[in-house]
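Take a look at the structure below.
The values are calculated or read from the model by the stated rules, or taken from the named source; none is laboratory data. Note that this is a predicted model, so its numbers are computed, not measured. When we count neighbours, we look across all protein chains shown, and the Cβ atoms used for this are built from the backbone with ideal geometry, even at glycine. SASA here: full protein model, heavy atoms, side chains in, ligands and nucleic acids out. Shrake-Rupley method; radii C 1.70, N 1.55, O 1.52, S 1.80 Å.
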Amino acid sequence: MTQFIRSLATSVFLALPVAASAQDVPVLAVISHPVEDYGVWRQIYDDFADAQQAGGVIMEQVYQDPADPNNVLVLHGFASLGDAEKFLTSDKLKTAMAGAGVAAPPTVSVVARAD
C-alpha cells in the first residue's frame, strides 16, 4: 500500500504543469485506475463527495470501460492548478483511494483550459 501512495504522489507531481500562468486557469484532472470491485469503490467514492467539494472539486464525472467495468476514469474539475495540486496530493484522498480498493497506481494527468 505504501508503494501505491508513493506512486500516486509521484504521478501527480510529474503531471502538473509548471507554468505559473496556469495557477489561475481552470484545470481538469484525468485519473484512471482499476478497482477491485466497482460497486464497493463507487460507494466509497460517493461517500467522499463532501471531501471532494471541500477540497476544491467543482466538477466530477466517472466513466467505466465497457469491456471491463472495474477499470474507471474519473474527471475532476478545479478552479485553479493550486486547488488541484492540494486535493490530489492530500492524505485524505490517498487514504480514501486505498480503502476503496484501487487495484493499481492511478494514471493522473492535469491539464489547463486552453483559450
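Structure summary
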| read-out | value |
| --- | --- |
| Unmet requirement for V35, which otherwise passes all of (1) β-branched (V, I, T); (2) closer than 17 Å to V110 by Cβ; (3) surrounded by 16 or more Cβ atoms within 10 Å (Cβ to Cβ) | (2) |
| Test result for L88, open to solvent by 30 Å² or more (accessible area, probe 1.4 Å) and within 11 Å of the chain's Cα centre (by Cα) | no |
